[in-house]
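Undergrad: Let me give you the structure first, and then I'll get to my questions.
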Amino acid sequence: MMNVKTGAERIIAAFSAGKQAFIPFITAGYPTPNITVELALALQEAGAALLELGVPYSDPLADGPTIQRASAQALSYGVTIRRALELAADMRARGLRIPVVLFTYINPVLQYGEERVFKEMEAAGVDGLLIPDLPPEEAENIERLAEEFNRPLIFMVAPTSEQRVAMIATRAKGFLYCVSSLGVTGVRSALDPGLTRFLARVRQYASVPVAVGFGISTAEQASLVASYSDGFIVGSALLEKIKEAEPLLLNPETKEEGFCIIKRFVKQLQSRV
Amino acid sequence: MSRVQLSKKSKGRFGAFGGRYVPETLVNALDELEAAYEEALYDKTFQEELAELLQRYCGRPTPLYFAERLTEKLGGARIYLKREDLNHTGAHKINNALAQGLLAKRMGKREIIAETGAGQHGVATATVAARLGLSCKVFMGEKDMERQKLNVFRMELLGAEVVPVTSGTRTLKDATSEAIRFWVGNVDTTFYIIGTVTGPHPYPQMVRDFQRVIGDETKMQMLEQERRLPDYIVACVGGGSNAMGIFYPFLEDNDVSLIGVEAAGQGLETKKHAATLTKGSRGVLHGTMTYLLQDEFGQIIEPHSISAGLDYPGVGPEHAYLRETGRAEYRAITDEEALAALRLLCREEGIIPALESAHAIAEAVKLAPTLAKDQVIVVCLSGRGDKDVTQIYEREGRKC
């Protein structure tokens with residue numbers, strides 16, 4: 001039944017389980033291409049509602065050191081946009097049911113071909129696309145393709161968006177990604193104090209679920225934003241946990257132990273929502 | 001004389017190129033910058049302060065110098081040099097850094113950041129920050145810091161903090177990415193002085209407008225000295241700010257041929273070059289749609305040039321547009337040709353050009369003998385070569 005719905009509907013449905021949706025971000029190909037596929041399944045088992053799959057890029061402008069390092073490692077395995085889409089297809093073939101949103105910078109999309117990306121997303125079972133360096137003003141063409149292929153382009157809104165909040169929130173499809181603080185992705189010890197005010201404003205305009213990301217690394221932080229959002233995204237903190245477990249993950253004999261560490265971390269992240 | 005004028009073109013696009021490909025966090029800051037910049041262009045106080053500093057602090061106008069012995073030696077067209085090397089801090093970079101520094105002050109921003117490759121834009125920005133009483137952070141690739149130790153020290157002497165960049169290839173491209181990342185996190189208090197005609201709108205247009213003083217002066221001086229416009233203008237292109245600055249006032253003078261010179265490095269047939277317009281393809285880097293050196297999956301390829309200032313995998317979007325419309329032509333000069341031209345200019349004219357500018361000289365050396373003796377070439381001598389002397393010494397020893 002899942003396939004008759006549009007990507008936007010599948011994404012929205014992932015938020016309606018009655019609790020705040022947990023959205024992990026992983027980099028395709030990190031720590032290795034094969035392990036990424038198994039990680040996705042482990043994250044699903046540990047309660048992920050939706051998966052953000054990052055395409056490694058040589059010049060990730062919106063990412064902090066953790067995701068930069070993960071990207072560089074994945075690139076060393078030759079994982080680019082094509083391989084990332086293949087990995088998504090592998091995840092589906094091995095039982096991944098939750099919606100997948102592909103996170104990529106604009107340049108790989110332009111070189112690979114915008115339409116080709118959507119065609120291969122469709123074939124691989126990827127439900128939506130998020131491009132951090134493509135503000136709505138530059139997104140017309142991709143938005144048209146998103147419509148045509150029923151796979152929404154996910155927009156981001158930031159505390160500095162100010163008068164742009166209404167324009168972006170009303171144009172949002174699938175879900176709206178709220179950047180929780182200024183800066184690039186990465187672990188922070190504290191969240192911005194003006195965050196709740198900002199989230200309240202965003203929700204006022206958004207007709208789709210609202211998820212908060214950038215800098216969320218603990219269950220406490222997730223619970224702080226819980227009453228103002230429908231979901232939270234964890235990327236860098238998760239990649240750091242993966243890095244910690246990497247020696248275990250790379251050894252077939254201890255691999256399960258590695259996944260247990262990650263699942264425990266992820267369950268703990270969701271423990272207060 | 002150095003009055004900046006607003007371009008007539010529409011916002012942010014040069015044909016298909018330009019635009020604003022940045023994280024949402026920055027969009028509002030770019031809108032604010034654009035508004036402040038347009039306001040400053042029509043503000044007499046701003047214009048007067050800028051003109052005053054360009055004249056008394058930087059030493060403008062720079063001379064348009066007839067290179068008599070070089071002309072004789074080549075036996076063709078008359079060669080003039082626009083002496084941007086005689087600016088304070090030794091290159092055209094100060095024109096833009098000073099104007100943006102004044103703009104930062106006007107917008108109430110006390111902290112300045114900049115990226116730098118060889119260190120020329122970093123030194124210019126550190127200089128301006130000191131002069132205007134602003135704090136300054138310069139992002140520089142670790143590899144470039146090793147190659148340009150003296151410029152690092154220079155910036156520190158001027159009170160700037162040099163932030164080593166360890167990501168990616170540890171060169172200019174990564175320093176730019178890191179400066180943008182820092183800006184994303186500190187956009188409320190920080191002004192980012194981009195050193196060339198690239199980046200998200202309004203930077204390509206703004207930097208060009210702050211550099212057009214080179215072309216405006218050239219035009220006036222040419223009319224005074226030769227009573228005519230030049231047949232050719234030749235300038236080196238990395239990001240392309242000196243070229244855009246000298247080209248821009250001549251865009252509508254269709255009899256003036258504009259030639260941009262890229263770095264062919266170890267040769268266009270090798271992978272070791274930085275000839276973005278000659279060998280690259282369309283794409284987005286550092287917030288703008290332009291030409292890039294990239295692979296089929298959109299990953300950026302590391303460029304190579306003997307000259308750190310040309311060692312960049314992108315190029316200003318307006319150059320991409322001028323190439324596409326055919327208004328300007330882009331050629332490429334190898335490391336060896338640039339070195340030979342540097343030596344020639346030292347011997348014939350007593351001028352040590354920057355390795356960047358030596359690429360433009362090398363093109364003029366090829367071009368002049370093919371032209372008639374009554375034709376005129378203007379070469380933009382964008383910077384002086386003192387910064388490169390150690391590098392050349394280490395490369396070739398005392399052999400001259």
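Undergrad: For region B:186-317, take every pair of Cα atoms, bin their distances at 5 Å starting from 0, and report each bin as a whole percent.
TA: 2, 11, 17, 20, 17, 14, 10, 6, 2, 1, 0
Undergrad: Debye sum, Cα scatterers, region B:1-138, no solvent: what log₁₀ I/I(0) at q = 0.12, 0.18, 0.22 1/Å?
TA: -0.62, -1.15, -1.39
Undergrad: Still on this structure: How big, in percent, is the set of alpha carbon pairs in region B:194-246 lying more than 13 Å apart? Mind showing how you got there, number by number?
TA: Working: 811 of 1378 pairs.
Value for region B:194-246 (Cα pairs over 13 Å): 59 percent.
Undergrad: Using only alpha carbon pairs under 8 Å that are at least six residues apart, calculate the relative contact order of region B:351-398 and give it in whole percent.
TA: Values: 33 pairs, mean separation 26.5, N = 48.
It comes to 55 percent, rounded to a whole number.
Undergrad: Which of the three applies to region B:262-400, rounded, prolate or oblate, going by the alpha-carbon gyration tensor with a ≥ b ≥ c and a/c under 1.5 meaning rounded? Provide the component values of the computation, followed by the final result.
TA: Working: a/c = 2.23, a/b = 1.37, b/c = 1.63.
Cα axes put region B:262-400 in the oblate bin.
Undergrad: Which of A:218, A:160, A:32 moves the most in a Gaussian network model of chain A with Cα springs under 10 Å?
TA: Checking each option, the largest mean-square fluctuation is seen for A:160.
Undergrad: Over all directions, what mean area does the Cα convex hull of region B:87-227 project, stated in square nanometres?
TA: Values: hull surface 36.4 nm².
With every direction weighted equally, the projected area is 9.1 nm².
Undergrad: Can you give the charge dipole size of region A:62-188 about its Cα centre, rounded to the nearest 20 debye, using +1 on the beta carbon of Lys and Arg and -1 on the beta carbon of Asp and Glu?
TA: Working: 14 positive and 16 negative charges, 105 e Å.
Dipole size: approximately 500 debye.
Undergrad: Per the Kirkwood treatment, what hydrodynamic radius in Å, one decimal, follows for chain A from the mean inverse distance over all distinct Cα pairs? Mind showing how you got there, number by number?
TA: Numbers: mean 1/r = 0.0545 Å⁻¹.
Computed over Cα pairs of chain A, the Kirkwood hydrodynamic radius comes out at 18.3 Å.
Undergrad: Another one. Quick one: B:198, B:125, B:189, fewest Cβ neighbours within 10 Å first, how do they rank? Intermediate values should be presented prior to the final figure.
TA: Details: B:198 28, B:125 33, B:189 10.
So the ranking, lowest neighbour count to highest, is B:189, B:198, B:125.
Undergrad: Across peptide B:177-184, what mean number of C-beta atoms from other chains lies inside 10 Å of a residue's C-beta?
TA: Numbers: counts 6, 3, 0, 5, 11, 2, 2, 9.
Across B:177-184, the average partner-chain Cβ count within 10 Å equals 5.
Undergrad: Take the alpha carbon gyration tensor of chain B, find the square roots of its eigenvalues, order them as a ≥ b ≥ c, and report rounded if a/c is under 1.5; if not, report prolate when a/b exceeds b/c, else oblate. Let's see the in-between values first.
TA: On the way: a/c = 1.39, a/b = 1.24, b/c = 1.12.
Since a/c stays below 1.5, the shape of chain B is classed as rounded.
Undergrad: Same structure, new question: When B:286, B:201 are ordered from fewest to most other Cβ atoms inside 10 Å of their Cβ, what list results? Working shown, then result.
TA: Numbers: B:286 28, B:201 24.
With the sparsest Cβ surroundings first, the list reads B:201, B:286.
Undergrad: Another one. Give me the count of lysine pairs in region B:133-246 whose alpha carbons sit under 30 angstrom apart, restricted to pairs 8 or more positions apart or on different chains.
TA: Numbers: B:137/B:149; B:137/B:173; B:143/B:173; B:149/B:173.
For region B:133-246, qualifying lysine pairs total 4.
Undergrad: Could you run the Debye sum over the Cα atoms of the protein assembly as shown, one equal point scatterer each and no solvent, and tell me log10 of I(q)/I(0) at q = 0.05, 0.12 Å⁻¹, two decimals?
TA: Log10 of I(q)/I(0), two decimals: -0.25, -1.20.
Undergrad: Give the shape of region A:1-103 as rounded, prolate or oblate, defined through the alpha-carbon gyration tensor: a ≥ b ≥ c are the square roots of its eigenvalues, a/c under 1.5 means rounded, and otherwise the shape is prolate if a/b is larger than b/c and oblate if not. Can you show the working numbers first?
TA: Details: a/c = 1.94, a/b = 1.64, b/c = 1.19.
Prolate shape, in that a/c is at least 1.5 and a/b is the bigger ratio.
Undergrad: Sticking with this structure for a sec: Given a cut-off of under 8 Å on Cα pairs at least six residues apart, what relative contact order in percent is computed for chain A?
TA: Values: 529 pairs, mean separation 57.9, N = 273.
Taking the mean separation of contacting Cα pairs over the length of chain A, I get 21 percent.
Undergrad: Go through region B:314-328 residue by residue and turn each phi into a ³J(HN,Hα) via Karplus (6.51, -1.76, 1.60, θ = phi - 60°); whole Hz please, and just put x for glycine and proline.
TA: In residue order, the calculated couplings are x, 7, x, x, 6, 5, 4, 5, 5, 5, 5, 7, x, 5, 10 Hz.
Undergrad: Work out from phi, with θ = phi - 60° and the Karplus expression 6.51 cos²θ - 1.76 cosθ + 1.60, the ³J(HN,Hα) of each residue of region B:268-285, listed in order in whole Hz, and give x for Gly and Pro.
TA: After applying 6.51 cos²θ - 1.76 cosθ + 1.60, I find 5, 7, 8, 8, 9, 8, 10, 8, 4, 6, 6, 10, x, 9, 5, x, 10, 9 Hz.
Undergrad: Using a 10 Å cut-off around each Cβ of peptide A:101-112, what is the average number of partner chain Cβ atoms that fall inside?
TA: Across the residues of A:101-112, the mean count of other-chain Cβ atoms within 10 Å is 5.
Undergrad: Let me ask something additional. Size of the dipole of the protein assembly as shown about the Cα centre, Lys and Arg at +1 and Asp and Glu at -1 on the beta carbon, nothing else charged, in debye to 20? Please report the intermediate quantities before stating the final value.
TA: Numbers: 76 positive and 84 negative charges, 109 e Å.
Charge dipole of the protein assembly as shown: 520 debye, to the nearest 20.
Undergrad: Moving on to the next point. Over the whole of A:158-164, what's the average partner chain Cβ count within 10 Å per residue? Rounded to a whole number, please.
TA: Other-chain Cβ atoms within 10 Å of each residue's Cβ, averaged: 5.
Undergrad: Along the three principal axes, how long is region B:91-151 when you take its alpha carbons, biggest first, rounded to the nearest angstrom?
TA: Here the spans come out as 35, 21, 14 Å, largest first.
Undergrad: Let me ask something else. What's log10 of I(q)/I(0) for region B:345-400 at q = 0.14, 0.18 Å⁻¹, Debye sum over Cα points only, no solvent?
TA: At q = 0.14, 0.18 Å⁻¹ the computed log10 ratios are -0.45, -0.68.
Undergrad: Which one of A:185, A:202, A:224 has its Cα pushed farthest toward the positive end of the charge dipole of region A:157-230, where Lys and Arg give +1 and Asp and Glu give -1 at the Cβ?
TA: In region A:157-230, that residue is A:202.
Undergrad: How do B:301, B:351 rank when sorted from fewest to most other Cβ atoms within 10 Å of their own Cβ? Numbers along the way, then the final one.
TA: Working: B:301 15, B:351 21.
By the 10 Å Cβ count, ascending, the order reads B:301, B:351.
Undergrad: Would you mind computing the Rg to Rh ratio of region B:60-169 from its alpha-carbon coordinates, Kirkwood style for Rh?
TA: Values: Rg = 17.2 Å, Rh = 15.4 Å.
Radius of gyration over Kirkwood radius for region B:60-169 works out to 1.11.
Undergrad: Something else about it: Mind putting a number on the dipole of region B:284-390 about its Cα centre? Charges go on the C-beta only, +1 for Lys and Arg and -1 for Asp and Glu, and I need it in Debye to the nearest 20. Each step should come with its number before you reach the end.
TA: Working: 9 positive and 17 negative charges, 77 e Å.
Once rounded to the nearest 20, the dipole reads 360 debye.
Undergrad: Taking amide H positions as placed in the peptide plane 1.01 Å from N, state which residues far from residue B:195 in sequence (5 or more) or on other chains have amide H under 5 Å from it.
TA: When sequence neighbours closer than 5 places are left aside, the close amide H contacts are B:115.
Undergrad: State the Kirkwood hydrodynamic radius of region B:50-99 in Å, one decimal place, computed from all pairs of distinct Cα atoms.
TA: Working: mean 1/r = 0.0832 Å⁻¹.
Every distinct Cα pair counted, the radius reaches 12.0 Å.
Read-outs throughout are calculated quantities, based only on the coordinates presented, and are distinct from any laboratory measurement. In this text, all values refer to a predicted model and were calculated from it rather than measured experimentally. No Cβ is skipped: glycine too gets one built from the backbone with ideal geometry, and neighbour counts run over all protein chains shown.
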